[in-house]
Amino acid sequence: MDVLNVYLSDNIIDESVDMLLRLANSKSMPFNYYVVVVSDKEDELLVMYSYSEVNTDRFIDANYKIVGFGKGKNETKKLIQYMIEDVLINTGEVSKSKFMTIRN
């Protein structure tokens, strides 16, 4: 799994990104946690996966590009909105390539 610039929702801002990445890579994401990845589909920008989807071989094998972690569905949706706004403000456009190059 590739790791890029990683955003965290406000309710997990104090958690270690390295720890969250280890949990995602070991299929051990806690209940109610979500991972935000750059979509591999042409017509989607970002996709949110729940802990139950992350804790599968299919997720690990897909080699998604992780760009965010959230706790709770609504918080993760807010995080995605923030991520898009942040990339737009910092780069002037929103595209998959911008999520793969911008740094917090």
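Restricting Ile89, Ile80, Ile66, Ile60 to residues that are outside any strand (DSSP E or B), in contact with a strand residue (DSSP E or B) (Cβ under 6 Å, 6 or more places away or on another chain), at negative phi and not hydroxyl-bearing (Ser, Thr, Tyr) narrows the list to Ile80. Scanning region 29-56 for residues that are in contact (Cβ under 8 Å) with a residue 40 or more places away in the chain and among the β-branched types (Val, Ile, Thr), we see that the one that is surrounded by the most Cβ atoms within 10 Å (Cβ to Cβ) is Val36. Taken over region 1-28, residues that are open to solvent by less than 20 Å² (accessible area, probe 1.4 Å) and at pLDDT 90 or above amount to 4.
Yes or no: Leu88 out of contact with any His (no Cβ under 8 Å at 6 or more places or on another chain) and touching a residue at least 40 places away in the same chain (Cβ under 8 Å)? Judged against the criteria, Leu88 is not a match.
Among the residues of region 68-102, the ones that are open to solvent by less than 30 Å² (accessible area, probe 1.4 Å), at pLDDT below 90 and among the aliphatic types (A, V, I, L, M) come to 2 in all.
The values are calculated or read from the model by the stated rules, or taken from the named source; none is laboratory data. These numbers come from a predicted model, not from an experiment. Counting neighbours? That spans all protein chains shown, and the Cβs are built from the backbone with ideal geometry, glycine included. Surface areas here come from the heavy atoms of the whole protein model, side chains and all, with no ligands, DNA or RNA. Shrake-Rupley method; radii C 1.70, N 1.55, O 1.52, S 1.80 Å.
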